[in-house]
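Chemist: Here it is, the structure, as structure tokens.
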Amino acid sequence: MPKNLHVKWLYQTMAVFYCSFLLTWSDGYAQTAQDSIPADSTETITDSLQEKQPKIDFTDLPKKTVGASVKELSVFPAVSLQQSLKGQVPGLYIQESSGEPGTIQQMYIRGVPMPLFSAKEVYQSQPLVVLDGIPLIGEHPFAYDIQQYDFNRIGPATNLLTNIDMNNIATVEVLKDMAGMALYGPLAANGVILLTSKQVSSKLAIDAHAYFGVAQRPTVTTINGEYENNFRRQFYDLYTATGKYSEDDVYPLYLSDSLNFDYYGPSNWTDTYYKNGLQHGVTADISGGGDRANFRFSLGNLRQEGIADGTGLNRYSAMFHVNMKPLKWLLFSAMINGNRLDRQRNHNMRDRFAEVGYLPDLQAPLAPNNDIYSRYMLQYDNGFDNNYTNIIEGHAKLVADFDKFKYTTQLVVDYNEGYRDIFYPRPLLDGNSYASNYYGFSQRMIYENFGSYDWNINDHHHLYLQAGNILQWDSYKYNYAYAYKGVNDFIKLNLLESDPNNDNYLNPTAFPKQLVYKFLDRTKQNLVSFYGKASYKYDAYTVSLLLRTDGSSNAQPTERWLFTPALSLGWDIKEASLQENKVWSTLNLRLNAGRLGRLNAYDNFSQGPSYTADVTFTGNVTTPGYNGIATLNRPYNFGWVGYGIPWAYTDQLDLGVDVGLLNDRITASIDGYIKEDKNQLLGIPAYAEYGYSRSYEPGMSVRNTGVDLLLSAAILPKTSPRNLGWSASLNLNFNQNKLTALPRGLEELVIDNRLLRVGAPIDQYWLLTNDGMYQADEEVPQVDGVAQTYNGITLHGGDPIWRDLNGDNRINDEDKSLQGNIFPKVVGGFNNQFSYGNWSLGLNFYFNLGRKIINEEMANRFDFVNREGTINMSSVKEITFWEKRGDYNKYPLYNPWSTVIPYRNEQDLFLENGSFLKLRTISLGYDLSDWLKQMSSKVKRIYVYGTVNNVFTVSPYSGRDPELVNYTGYDAGYGMAIPRTYTLGFKMDL
Amino acid sequence: MFLGVWLFTGCKKMLDVDSTRLVNEEHMWVSMEDSRAALIGVYGLTRAALADNNAYWLYGDVRAGEFKAPTRQDLKAIIFNDLTASYPSMEALTDWRRWYAVVNAANIFLERIHEVKENDDRYTDNNMTVDIAQIRFLRAFAYFYMVRIWGDVPLITSSYDGNFENKPRDNQDKILTWAEQEMLAAAVDLPFRYSSGDEQQIGNYYNEDATRWMGALVRKTTAYAMLAHLAAWQGNYPEAATYSKFVLEMYPVGGLGYTETDDLTNANGFFYNKRENQLFGFNFDWGHIDASFTGHLEELTLASPLVNKSVPDIYLTKDSILSVFNELGDERFSLDTLGNPTTENYFMNFNGKYPIFSKIKCIMGGSTADPNFRTFSSAIVLTRLEDITLLRAEALAVLGERSGAIENLNVIRELRGLENFNEATGGNLIDAIFKERKRELMGEGQRWYDLVRYNRIRNNNPAFTKLINEGGIYWPINRSLLSQNDQLEQNAYWK
């Protein structure tokens, strides 16, 4: 559908909805309602929709957790919640490792709770997002079990938090300490992002927000075969006499033939690959009704095109709230938020081959010539790659309100489903077509009851009691089938014989049945929680205690329940002793400590020793049987799981102070915390002589210590429209992690090329230290006539000098040391808002300090000998191979043929400082409201604005944008650049 | 209130969720389906150990150093005996975990199978006896294989389920003696065929007919064939002669026969899917949707024009081909008097840059018509009748029974269209037998072990003898294994 049609569709639907509503609503119901409800009842309706936290001013919770206002956040053309919040919340670190619209982005609150080896651990480290009391469910990582490569999860792999339209959100809070998190239970072990949507008002109101924008095509330097040839020739000149390293050495044909125009001609593929991306977002909402029943309805559409490879995301969203008060003491409210996401994905060969599971011959990479490349890209038009996600969440809530006592019962459903349908025609895969279909869902249902007693005893004493029970059912499922070699390129579906009388019933008809693979998986997790909370306020002092017990079906039967407490104290010093003080307008001290359980992601752990169908091997990770018969054996590849696995839990201590000076012209919140995630399961490489790849054992503890700072100041307060106003806000998190314990009391452990050492950070690289190059064999140090070796291989001239840390003249893992951190030590944002008259100007900076990156892309380019010609993922060259990136002169010219692999990426040669500072947004806006008033228009407010985003990045990193690195810290060059975008928009209130 | 009561009673039910993804102890070992799944599982794990990273051929063929590897640096390292080089495939090849998965699965089977017997009336004594015999054989075979790769390894014959102990390496002679006893014991109970009216296996085995089982399971002849190999590896040639004799006398009972050259090299011939003649084989049956991209010799050897791949991972140079296939009329490969290949059974594209070793070429459903899709359905065959015939020839030759040796050698020579062995011009008999083995079993994971046995017998290559004496014929033990089990010590040669 063309873009303008979307917009039209949106307005039409809006109009229809609005008209019908007016007819049915305003005439009858609303009027009768108005008569019998006291005027202040609106207050009650909206209030009870707020979250479970009481709305009394208990001082054990921080005043403010997000640097920018939601209004400011909504100006940024974000598609995901992560993008909206990046750099705005101290202690919330967001990894946006690709600028491709709608891809998964990670969030970490107050550091990483566990070492991140794979996407599975990343999944278990994500915070909980709560939208209007609905704890949102994400996708389950179990699908990775059938995947050989975990670049992307099978299915649409769309970021599910693209379902948040900031225009619908009234407040964003981030709960990082136990005073806030504990109420949300084990789901909240990694912190909570609390979103509250805009509430209804009893007056009729229409708001609209729209923007249009362009993401700017980046300028890159391209290279061609000649350039690459010259680059490689240096090594041949240095290390070969004849231009051949050995008689078997094969020089790639695409580089050796200088008359080949495809590779040696112009490198103009960028004309097809990169383009300016158009973006728009339109949201409109209407709210109204009366005091006894009211509603809000919002519709939106967002389209964001990426700057490369035809990527993009479309979102259609609708949100509906309704509140009704059939009886004076009874409130019914319901909310539904529905989103449809339609994502156009990149055409990376790596991702496609990983999906297909098959690698064609890789002797000739894509040519840098635009004619060839664009012709190649046209092949995709004969196939499809459809990615749809439908997300719907809603609640229905009944609140019985007897003044002090309230009883709430609510039913919450969150459901998301993803579809991916693929057909790749024959020319894309060496003459084999490929079709796959994925359907998967994640579903959460919650039945929750809680009662509260809110007793304002007198001016000095206030008591709030709450007790509740939560029953939660999560279930996840997917169906996945793929097939190779269809009969032709016109039948693009994996059709099955549908006639039950046919012998071939349910067998594939368009694809050979021997090449059709089907998968089905399902898992469930249930959670039962009981909790009680008491908060007591005596003048300036608040004390809250929360006790809860949670039972999880993924915990072992003998360890099913975990009891956890949380205690928080607040002391409002301002109220207690500084009431007359002019300087201190706020001074509030908070202290809280508590514990929360952490859930097991997999039900494997609840079952103890078990049996599974897994007779797989490298390159064939899905074999379930032999000789046409399913097998059952211990899960040797997964690892040993014994009995008696206790709950893991997170303990946190937080001391915070909220300060306000000069009538809150300057405010600051500073929180120091110690968070320790204890007793976590870790797969220890063990019991190989019993067939197991690892043994899952509890006992890993990781401590994160840090400080969150949120500082805001009205540097130039705006006293009249005619003077310049300047307010600034700085948010900062300093975090350090440390491994405090390993299972079995181990001191250190090597897993997947990472060293975990008790007392050291968990996010460090484990690398050899590079000290240059041995120019000749004679330079290699000898001990007792034996030359230095690397893992048993004698070093020669042309090999790197790796520092021999233990002095045994043998370079091996013992000479590696922990260096650098994957995650930044300091993350922060700096917002500035200037205003003059009706003008406003915003500047938003974002920075990361104290992090390192392994420039793997450069390592791979230099290690061309091992990455050429073999049918292996490491030999895959994307079209971006022809882009000049990085600084070639930084690296010595080693002998690339050496079996010590001189350009291996596990050395500090490729370790670089990845700190950066970004000017993320400049926004300029003008408020037309005054002018409208003069025109006596019905429009209450119009605000027009323009923004430039991702303006510049300052970084010592020699690769591309240092943000484009995922949780591994290795920059393989796959992140799509985060584009600079220009937008124009308006906000209008009727 | 009611709600509250319901909640408390319902809680426990709600939290007991049986996994749909795995089978827990409660539901295992209760029926014949469980014993079948566990039995086939041990086969599946053995196949996985052999197929992982094409280990069977990297150990058996590539290490012999006769193939060339133009592009893959890891294969070059193996060819040059740089076995500590760090490539992902080398990490896997130095790791014995997959073999111990076979051992552990077998140990658990032997310890728990009585539960099925107690729980399921359908599970007969005979069924159980045959199951146990197969499991014991597979476990012994796993140890024999490991000993050939690593020398001494820990001998673990109990599952230690949940109470695992780190064990030191045991002397390889002790292990081989034990393995021989186990195989002999298994051989007693193993039938010659399955679901075919064998008196030691009554009725349809697991309710499947003979076509399901042919060549897929271990038989009595299989056990004796591997016993012959085991004895030969020990240098115990009298026993090797005895065991091989059993196979050569009893093979017709098992429905086996010699394989013609055409059938041997056909895309849908001997190696395709499964057949009785695969004396010890692990199939990747096309019809069972079990064909795979990896775990086949074809992945290493085939290239254009047979499959879409420009350069093979390994190939033999023209010279090295001609140095072994130097007799006229060899149906496997020979040149005519004009110097042109008379057959493409073993090699295609002989005159090209890369002669393609195309003996095994079970592409997809056993056809060479479509080169586009490199998925293969050839079985991993550890031994076949021709192998045992030559092994017997070798044993007799070593024992000095020349006529018997020549007789057996000639069986194979005749089968491949060669003249009988000429004592006058044929040179050293041992050399001739090993040369025949090289030609016949090329690409079947045998060459490296042949070289070791050959050099032990002939002792005429000082470098190789040195390798044998210093323990360099074994592979290094993966560093990760050494770090997780402090009782282990690295092989001296690789320290």
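Just so it is clear, none of the values below were taken in a lab; they were calculated from the coordinates. Nothing here was measured: the structure is a model prediction, and the numbers come from that model. Note: ideal-geometry Cβ built from the backbone for every residue, glycine included; neighbour counts use all protein chains shown.
Chemist: If you take the Cα atoms of the protein assembly as shown, find Rg, then find the Kirkwood Rh from the mean of 1/r over all pairs, what is Rg/Rh? Don't skip to the answer; put the middle values down first.
Modeler: Working: Rg = 35.6 Å, Rh = 35.6 Å.
In the protein assembly as shown, Rg relative to Rh is 1.00.
Chemist: Oh, and also: When B:MET442, A:MET181, A:MET976, A:MET445 are ordered from fewest to most other Cβ atoms inside 10 Å of their Cβ, what list results? Walk me through the numbers on the way to the answer.
Modeler: Working: B:MET442 25, A:MET181 28, A:MET976 22, A:MET445 16.
Fewest to most other Cβ atoms nearby, the residues stand as A:MET445, A:MET976, B:MET442, A:MET181.
Chemist: Run the quick spin-label model on A:ASN386 and A:ARG722: label points 7 Å from Cα toward the beta carbon, then report their separation in nm to one decimal.
Modeler: With each label placed 7 Å out from Cα toward Cβ, I get 6.3 nm.
Chemist: Are there any chymotrypsin sites (Phe, Trp or Tyr not before Pro) in the stretch A:102-166 that are in a DSSP loop and have at most 14 other Cβ atoms within 10 Å? List them by number. Each step should come with its number before you reach the end.
Modeler: On the way: sites: A:TYR108, A:PHE117, A:TYR123, A:PHE142, A:TYR144, A:TYR149, A:PHE151; in loops: A:PHE117, A:TYR149, A:PHE151.
Those satisfying the criteria are A:TYR149.
Chemist: Now for a different question. Please report, to two decimal places, log10 I(q)/I(0) for the stretch A:622-712 at q = 0.17, 0.18, 0.21, 0.23 Å⁻¹ as given by the Debye formula with identical point scatterers on the Cα atoms and no solvent.
Modeler: -0.84, -0.89, -1.00, -1.07
Chemist: Counting only other chains, and only Cβ atoms inside 10 Å, what mean value do you get across the residues of B:18-31?
Modeler: Details: counts 5, 12, 7, 14, 14, 6, 8, 6, 3, 4, 4, 2, 0, 0.
Mean shielding count: 6.
Chemist: With N residues in the stretch A:769-815, what two-decimal value do you get for its Cα radius of gyration over 2.2 N^0.38 Å? Write out the running numbers ahead of the final one.
Modeler: Details: Rg = 9.5 Å, N = 47, 2.2 N^0.38 = 9.5 Å.
That ratio works out to 1.00.
Chemist: Can you work out the FRET efficiency for the pair A:ASP752 and A:MET935, with r the C-beta to C-beta distance and R0 = 60 Å, to the nearest 0.05?
Modeler: Values: r = 66 Å, r/R0 = 1.11.
For A:ASP752 and A:MET935, the calculated efficiency is 0.35.
Chemist: When the distances between all Cα atoms of the stretch B:377-450 are binned every 10 Å from zero, what whole-number percent does each bin get?
Modeler: Calculated over all Cα pairs of the stretch B:377-450, the distribution is 19, 55, 22, 4, 0 percent.
Chemist: Which value, to two decimals, describes the C-alpha radius of gyration of the stretch B:105-204 once divided by 2.2 N^0.38 Å? Don't skip to the end; give the middle numbers.
Modeler: Values: Rg = 15.5 Å, N = 100, 2.2 N^0.38 = 12.7 Å.
Relative to the rule-of-thumb radius for its length, the stretch B:105-204 sits at 1.22.
Chemist: Would you list A:GLU697, A:GLU121 from fewest to most Cβ contacts within 10 Å?
Modeler: Numbers: A:GLU697 21, A:GLU121 18.
Final ranking by Cβ density, sparse to dense: A:GLU121, A:GLU697.
Chemist: Give, to the nearest whole percent, the P(r) tail of chain B beyond 43 angstrom, counting all Cα pairs.
Modeler: Numbers: 20598 of 122265 pairs.
Result for the distance tail: 17 percent.
Chemist: Can I ask one more? Name the residue from A:SER568, A:LEU928, A:GLY975 whose Cα lies farthest towards the positive end of the charge dipole of chain A, charges +1 on Cβ of Lys and Arg and -1 on Cβ of Asp and Glu.
Modeler: Final value for the positive-end residue is A:LEU928.
Chemist: Can you compute the helix-only [θ] at 222 nm over chain A? Use -39500 (n - 2.57) per DSSP H run of at least 4 residues, normalise by all residues, nearest 500 deg cm²/dmol.
Modeler: Numbers: 17 runs with 122 residues, N = 990.
Calculated mean residue ellipticity at 222 nm is -3000 deg cm²/dmol.
Chemist: Here is a follow-up. Just checking the output field for A:326-334: average partner chain Cβ neighbours within 10 Å of each residue's Cβ? Don't skip to the end; give the middle numbers.
Modeler: Values: counts 0, 0, 0, 0, 0, 0, 0, 0, 0.
Per residue, the number of nearby Cβ atoms from other chains is 0 on average.
Chemist: Another question, then. Per 10 Å bin, what percent of the C-alpha pairs of the stretch A:589-653 does each bin hold, from zero upward?
Modeler: Calculated P(r), rounded to whole percents: 17, 33, 22, 14, 9, 4, 1.
Chemist: A further question follows. Over the stretch A:458-543, what lengths in whole Å, largest first, do the semi-axes of the equivalent ellipsoid take, defined as the square roots of 5 times the eigenvalues of the alpha-carbon gyration tensor?
Modeler: 63, 14, 10
Chemist: At 25 °C and 0.890 mPa s, grab the translational diffusion coefficient of the stretch A:280-419 from Stokes-Einstein with a Kirkwood Rh over Cα pairs, rounded to a whole number in µm² per second. Show your work: numbers first, answer last.
Modeler: Values: Rh = 19.4 Å.
D, rounded to a whole number, is 126 µm²/s.
Chemist: Sticking with this one: Once you average over the residues of B:82-90, how many Cβ atoms of partner chains fall within 10 Å of each Cβ?
Modeler: Values: counts 6, 2, 7, 8, 11, 3, 3, 2, 2.
Per residue, the average neighbour count from other chains is 5.
Chemist: Right, here's the next one. Given R₀ = 22 Å, what would the calculated FRET efficiency be for B:GLU344 paired with B:SER367, taking r from the Cβ atoms and rounding to 0.05? Show your work: numbers first, answer last.
Modeler: Details: r = 15 Å, r/R0 = 0.70.
Once rounded, the FRET efficiency stands at 0.90.
Chemist: So if we plug the beta-carbon distance of A:ASN276 and A:LEU843 into 1/(1 + (r/R0)^6) with R0 = 30 Å, what FRET efficiency do we get, rounded to 0.05?
Modeler: On the way: r = 24 Å, r/R0 = 0.81.
Given R0 = 30 Å and the Cβ-Cβ separation, E is 0.80.
Chemist: In nm², what is the average projected area of the convex hull enclosing the Cα atoms of the stretch A:359-496? Before the final figure, lay out each step's value.
Modeler: Working: hull surface 63.7 nm².
Computing the convex hull of the Cα atoms and averaging its projections yields 15.9 nm².
Chemist: Given the Cα-Cα distance of A:GLN736 and A:ASP539 and 0.36 nm per residue of separation, how much length would full extension add, in nm? Mind dumping the intermediate values first?
Modeler: Values: separation 197, 0.36 × 197 = 70.92 nm, distance 3.66 nm.
Here the segment from A:GLN736 to A:ASP539 would lengthen by 67.3 nm.
Chemist: Here's a follow-up. Are any of the pairs A:LYS86/A:LYS918; A:LYS533/A:LYS738; A:LYS518/B:LYS274; B:LYS68/B:LYS361 more than 21 Å apart by Cα-Cα distance, and if so, which?
Modeler: Details: A:LYS86/A:LYS918 12 Å; A:LYS533/A:LYS738 32 Å; A:LYS518/B:LYS274 24 Å; B:LYS68/B:LYS361 19 Å.
Check vs 21 Å cut-off fails for A:LYS533/A:LYS738; A:LYS518/B:LYS274.
Chemist: Starting from the Kirkwood Rh over alpha-carbon pairs, what translational D in µm² s⁻¹ does the stretch A:231-274 have by Stokes-Einstein at 10 °C and 1.306 mPa s? Don't skip to the answer; put the middle values down first.
Modeler: Details: Rh = 12.5 Å.
Using the Kirkwood radius from Cα pairs, D works out to 127 µm²/s.
Chemist: Then there's this: Within 10 Å of each residue's Cβ, count the other Cβ atoms and sort A:VAL948, B:VAL130, A:VAL174 from fewest upward.
Modeler: On the way: A:VAL948 18, B:VAL130 25, A:VAL174 22.
With the sparsest Cβ surroundings first, the list reads A:VAL948, A:VAL174, B:VAL130.
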